[in-house]
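The values are calculated or read from the model by the stated rules, or taken from the named source; none is laboratory data. The structure presented is a predicted model; accordingly, all values stated were derived computationally and were not measured. Every residue, glycine among them, receives a Cβ derived from its backbone with ideal geometry; neighbour counts consider all protein chains shown.
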Amino acid sequence: MLNTSISMSLRPSDHARKNKVTVIWVGPLVTALHVSQIKKGCADYILRKEWDFSVRNLLEALANKADLHKVKGLTWLDGTGAIVVNEDEPPIENLDSLPIPAYDLLRSRKFYEKLFCQVPPQP
């Protein structure tokens, strides 16, 4: 969840986690607060700094049940509940090497309707 306000991210994240959906947070704010936020259980995984490639690596590792210690830029809780802060992902030197997002595949109106209209209100 990319957001500049943690409080705005908590409600949809809580809803997702209650429904057994893995929650991954990214962005500058959670990069600065990654240890405290993973400790609070706000997300299952936090990708710090340059997450463009880390998100792919995390998803592949989860799908293949691979060692999460190898995913650069990842903050997570291991099986014992200990906080693990992996090595940072190096900066992307050539931003033009990033693929152009396939926005045509995203039905953003439907996404926002689901996210902001159907998430249960806070008690």
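With the requirement that a residue be under 18 Å from Leu68 (Cα atoms), more than 8 Å from the chain's Cα centre (by Cα) and of a type in the set (A, V, I, L, M, F, W, C), what does the stretch 22-55 give you?
Val35, Ile38, Trp51, Phe53
Are there any helices (runs of 4 or more DSSP H) wholly within the stretch 6-118 with 3 or more residues that are modelled with pLDDT of 90 or more and surrounded by 15 or more Cβ atoms within 10 Å (Cβ to Cβ), and if so which?
34-40, 54-63
A quick yes/no check of all residues on (1) aliphatic (A, V, I, L, M); (2) closer than 18 Å to Leu98 by Cβ; (3) touching a Leu at 6+ places or on another chain (Cβ under 9 Å):
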residue	(1), (2), (3)
Ile38	yes, no, yes
Asp44	no, no, yes
Arg48	no, yes, yes
Val55	yes, yes, yes
Leu68	yes, no, yes
Gly73	no, yes, yes
Trp76	no, no, yes
Gly79	no, no, no
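How many residues are in contact (Cβ under 8 Å) with a residue 40 or more places away in the chain and within 15 Å of the chain's Cα centre (by Cα) if we restrict to the stretch 74-87?
2
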